[in-house]
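A.B. asks: Dropping a structure here in structure tokens format, bear with me for questions.
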Amino acid sequence: MNPRTIISQLALLSLVLAGVILTFGLVGELISSDHDARTAAHALIFVGATTGLLGGIGWLATRRHRAAVDRREALLLVALTWIVGGVVCGAPYYVWAHRTAIDSAPAAAFRSWMNCHFEAISGLTTTGATTIVDIPTLPNALLLWRATTHWLGGLGIVVLFVAVLPSLGVGGRRLFQAEVSGPDKGGLHPRIRETARALWIIYSAITLAQIVLLRAFGMSTFDSVCHAFATMATGGFSTKDASLAAWPNLGVQITTIIFMVLGGMNFSLFYRAWRGRLREIFDDVEFRFYIAILTLGSLLVAMSIYQTTIHTTDGGTVVASAGVAAREAAFQAVSIQTTTGFCTSNFNLYPVGAKIVLVGLMFIGGCAGSTGGGLKVIRIWMAVRIMGHELERVFRPSVVRPLRVGGSIVSQELKVLTLAFIIGMLTFFTAGFIAIMLIEGDNITFETAATASVASLCTIGPGLGLVGAVENYAWLSGWSKGVLMLLMVVGRLEVFAIAVLFTKRFWKPN
């Protein structure tokens with residue numbers, strides 16, 4: 001493993017992030033109306049300039065080193081990317097909180113570096129868990145930056161890195177494969193840099209379309225941009241404490257549902273549609289199973305909450321008629337399964353049946369190759385097929401029948417990887433909530449600890465209990481937040497990319 005290669009690529013990544021942060025700092029300067037608000041823009045500019053300086057020094061020190069990135073280096077570089085990204089993206093909150101004269105809840109929260117780092121990791125991993133209350137008092141420059149961390153993390157910092165920097169060569173493919181979520185990375189262009197660029201163009205175009213629609217339905221331009229960034233990344237950061245309930249507009253909510261569904265889809269399907277193969281979307285077995293689960297989940301939640309009192313996240317209540325139950329159920333089921341985490345009602349107060357369904361959807365998550373987290377729809381489908389296949393072997397041991405998913409034969413290696421991944425996720429989930437229970441002691445319930453663990457690991461954000469739809473994570477101790485941040489990164493990078501770093505053989509020379 002060559003340290004110069006790692007430093008060189010991290011330096012280039014830092015330069016990319018510095019350019020993005022400086023750009024948003026300048027935008028923040030334009031949208032800030034007073035001196036206190038400009039402090040946030042100045043914090044972004046300061047962090048961007050400092051990051052650019054450090055990245056420039058690192059690049060100059062290693063610029064003559066152009067060794068290829070091997071598999072181990074790619075895995076380590078991906079992990080370090082999220083660590084460096086979390087530090088850099090959290091720094092503007094910290095700098096602003098220590099320079100502002102504004103006495104607000106966000107300023108108080110961000111005077112703790114742990115909270116700043118938690119907010120940044122939550123943003124980049126598209127989790128959407130937050131440590132702040134009274135969100136609208138956060139300056140617009142930081143609200144926009146907060147949403148942007150979602151948008152950057154949605155398709156992946158590393159994919160952005162590969163898209164804009166040509167120096168990686170074959171290492172770019174290894175980085176891309178380590179970063180992009182899900183078992184299926186097929187259907188894309190063999191030139192990985194061209195693929196990454198195409199994905200970013202598609203991602204940007206869909207985001208722009210949502211901005212236009214939200215604006216047309218009455219949301220301000222600023223709020224439209226922030227919510228579109230959070231929706232396409234399936235993140236969930238809002239500019240309001242009440243989340244989407246702050247806009248009790250059917251058009252806004254239906255638009256958000258549609259784009260959450262798009263964010264939870266495999267982006268290779270968009271790539272194929274872009275190249276004229278639209279039919280392949282509807283022929284895709286994972287897409288059909290994904291829509292079926294969303295539909296069934298919405299129906300079950302609607303049946304459970306029908307004629308009950310719904311508590312909206314803005315503090316209101318409404319009795320769930322058939323129409324209200326259908327709308328609330330569809331919004332929350334889609335939001336949870338796509339791991340976006342937007343809320344229109346306090347599902348913490350739903351009947352037990354609805355909460356069980358929502359927790360089940362938390363584990364399932366979006367499609368492979370999407371911005372969503374979770375086990376992924378295709379893995380659930382494959383696990384079901386593997387179980388059925390093995391059951392047949394019990395009473396027909398002499399029958400040799402290959403397992404097919406979507407017309408393709410599933411290899412033995414992929415079967416093992418699928419089951420190993422599911423076991424790995426369940427292991428991290430269990431270890432996570434046990435660790436939080438031990439750390440917090442009597443201050444936490446089983447429901448809160450378990451759903452905080454799954455909501456972080458599956459990058460959803462809100463859970464149940466004290467981390468529910470109208471709650472936040474500020475009350476947790478620093479150690480618990482550290483555990484949850486680890487779960488967020490593990491879930492975002494899909495277990496193996498992080499788990500291998502804890503094995504002795506990974507660090508041994510070849």
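The values are calculated or read from the model by the stated rules, or taken from the named source; none is laboratory data. Fair warning: this is a prediction, and the values are worked out from it, not measured in the lab. Reconstructed Cβ throughout: ideal geometry from the backbone, glycine too, with neighbour counts over all protein chains shown. Areas reflect the complete protein model, heavy atoms only, side chains present, ligands, DNA and RNA absent. Shrake-Rupley method; radii C 1.70, N 1.55, O 1.52, S 1.80 Å.
A.B. asks: Counting only residues that are part of a helix (DSSP H, G or I), out of contact with any Cys (no Cβ under 9 Å at 6 or more places or on another chain) and open to solvent by less than 10 Å² (accessible area, probe 1.4 Å), how many does region 220-249 have?
C.D. replies: Within region 220-249, residues that are part of a helix (DSSP H, G or I), out of contact with any Cys (no Cβ under 9 Å at 6 or more places or on another chain) and open to solvent by less than 10 Å² (accessible area, probe 1.4 Å) number 7.
A.B. asks: Within region 464-482, can you find the residues that are aliphatic (A, V, I, L, M) and surrounded by fewer than 22 Cβ atoms within 10 Å (Cβ to Cβ)?
C.D. replies: LEU466, VAL470, ALA474
A.B. asks: How many residues does region 338-360 hold that are within 15 Å of the chain's Cα centre (by Cα) and closer than 13 Å to ALA455 by Cβ?
C.D. replies: 3
A.B. asks: Another one. Tell me, please, whether a residue that is in a helix (DSSP H, G or I) and within 30 Å of TYR271 (Cβ to Cβ) can be found in region 342-355.
C.D. replies: Pass one, region 342-355, residues in a helix (DSSP H, G or I): 347-349, 352-355.
So of that shortlist, the ones also within 30 Å of TYR271 (Cβ to Cβ) come out as none.
No, that holds for no residue.
A.B. asks: Search region 52-102 for residues being part of a loop (DSSP other than H, G, I, E, B) and not hydrophobic (A, V, I, L, M, F, W, C), and hand back the single one that is modelled with the highest pLDDT.
C.D. replies: Filtering region 52-102 for residues that are part of a loop (DSSP other than H, G, I, E, B) and not hydrophobic (A, V, I, L, M, F, W, C), the one modelled with the highest pLDDT comes out as THR100.
A.B. asks: Is it true that some residue in region 373-384 is assigned to a helix (DSSP H, G or I), open to solvent by 60 Å² or more (accessible area, probe 1.4 Å) and at pLDDT 85 or above?
C.D. replies: yes
A.B. asks: Could you say which residue among THR317, THR295, THR312 is under 26 Å from the mean Cα position of the chain (by Cα) and surrounded by fewer than 18 Cβ atoms within 10 Å (Cβ to Cβ)?
C.D. replies: Step by step, each of THR317, THR295, THR312 is checked, and only THR295 is under 26 Å from the mean Cα position of the chain (by Cα) and surrounded by fewer than 18 Cβ atoms within 10 Å (Cβ to Cβ).
A.B. asks: Give region 1-38 a look and list any residue that's open to solvent by less than 10 Å² (accessible area, probe 1.4 Å) and at pLDDT 90 or above, or say none.
C.D. replies: Residues satisfying the conditions are LEU17, ALA18, ILE21, GLY25.
A.B. asks: So which of THR100, THR62, THR81, THR50 ends up being touching an Asp or Glu at 6+ places or on another chain (Cβ under 7 Å) and either surrounded by fewer than 24 Cβ atoms within 10 Å (Cβ to Cβ) or within 28 Å of ASN472 (Cβ to Cβ) (or both)?
C.D. replies: Going through THR100, THR62, THR81, THR50 in turn, the sole match is THR100.
A.B. asks: Looking only at region 422-463, count every residue that is open to solvent by less than 10 Å² (accessible area, probe 1.4 Å) and over 17 Å from the mean Cα position of the chain (by Cα) and tell me the total.
C.D. replies: 4
A.B. asks: Find all pairs meeting these conditions: Cβ atoms under 8 angstrom apart; at least six residues apart or on different chains; first residue within region 41-60 and in contact (Cβ under 8 Å) with a residue 24 or more places away in the chain; second residue surrounded by 16 or more Cβ atoms within 10 Å (Cβ to Cβ) and not in a helix (DSSP H, G or I).
C.D. replies: Note: pairs meeting the criteria are ALA41/SER32; ALA41/PRO139.
A.B. asks: Mind listing just one residue for me: the one in region 391-419 that is in contact (Cβ under 8 Å) with a residue 12 or more places away in the chain and assigned to a helix (DSSP H, G or I) and, of those, surrounded by the most Cβ atoms within 10 Å (Cβ to Cβ)?
C.D. replies: Checked region 391-419; the qualifying residue surrounded by the most Cβ atoms within 10 Å (Cβ to Cβ) is THR418.
A.B. asks: Which numbered condition in (1) in a loop (DSSP other than H, G, I, E, B); (2) closer than 21 Å to SER370 by Cα; (3) at pLDDT 95 or above is the only one that MET485 fails?
C.D. replies: Among (1) in a loop (DSSP other than H, G, I, E, B); (2) closer than 21 Å to SER370 by Cα; (3) at pLDDT 95 or above, MET485 violates only (1).
To keep it simple, each residue is scored yes or no on (1) at pLDDT 80 or above; (2) open to solvent by less than 60 Å² (accessible area, probe 1.4 Å).
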{"site": "GLU194", "(1), (2)": "no, no"}
{"site": "ILE201", "(1), (2)": "yes, no"}
{"site": "ALA209", "(1), (2)": "yes, yes"}
{"site": "GLY218", "(1), (2)": "yes, yes"}
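A.B. asks: If I filter region 343-357 for residues that are within 30 Å of LEU199 (Cα to Cα), in contact with an Asp or Glu (Cβ under 6 Å, 6 or more places away or on another chain), of a type in the set (A, V, I, L, M, F, W, C) and modelled with pLDDT of 85 or more, do I get at least one hit?
C.D. replies: No - not one qualifying residue is present in region 343-357.
A.B. asks: Let me ask another. Checking VAL261 against (1) in a helix (DSSP H, G or I); (2) closer than 30 Å to THR149 by Cβ; (3) open to solvent by less than 10 Å² (accessible area, probe 1.4 Å), only one condition comes out false. Which one?
C.D. replies: In the conditions (1) in a helix (DSSP H, G or I); (2) closer than 30 Å to THR149 by Cβ; (3) open to solvent by less than 10 Å² (accessible area, probe 1.4 Å), VAL261 misses (3) alone.
A.B. asks: Let me spell it out: the conditions are (1) polar (S, T, N, Q); (2) open to solvent by 10 Å² or more (accessible area, probe 1.4 Å); (3) assigned to a helix (DSSP H, G or I), and SER122 meets all of them except one. Which number is the exception?
C.D. replies: Unmet for SER122, out of (1) polar (S, T, N, Q); (2) open to solvent by 10 Å² or more (accessible area, probe 1.4 Å); (3) assigned to a helix (DSSP H, G or I): (2).
A.B. asks: Right, another one. Does any residue in region 91-119 that is within 26 Å of LEU457 (Cα to Cα) and free of Cβ contacts under 8 Å to residues at least 40 places away in the same chain come within less than 7 Å, Cβ to Cβ, of a residue that is open to solvent by less than 30 Å² (accessible area, probe 1.4 Å) and among the hydroxyl-bearing types (Ser, Thr, Tyr) six or more places away or on a different chain, and which pairs are these?
C.D. replies: If the second residue must be open to solvent by less than 30 Å² (accessible area, probe 1.4 Å) and among the hydroxyl-bearing types (Ser, Thr, Tyr), the pairs left are PHE110/TYR93; CYS116/TYR93; GLU119/TYR93; GLU119/THR130; GLU119/THR131.
A.B. asks: Still on this structure: Anything in region 351-360 that is open to solvent by 10 Å² or more (accessible area, probe 1.4 Å) and touching a helix residue (DSSP H, G or I) at 6+ places or on another chain (Cβ under 6 Å)? List them, or say none.
C.D. replies: Matches in region 351-360: PRO351, GLY353, VAL357.
A.B. asks: Would you please name the residue that is modelled with the highest pLDDT, looking only at residues in region 488-510 that are under 23 Å from GLY374 (Cβ atoms) and of a type in the set (D, E, K, R)?
C.D. replies: Among residues in region 488-510 that are under 23 Å from GLY374 (Cβ atoms) and of a type in the set (D, E, K, R), the one modelled with the highest pLDDT is ARG492.
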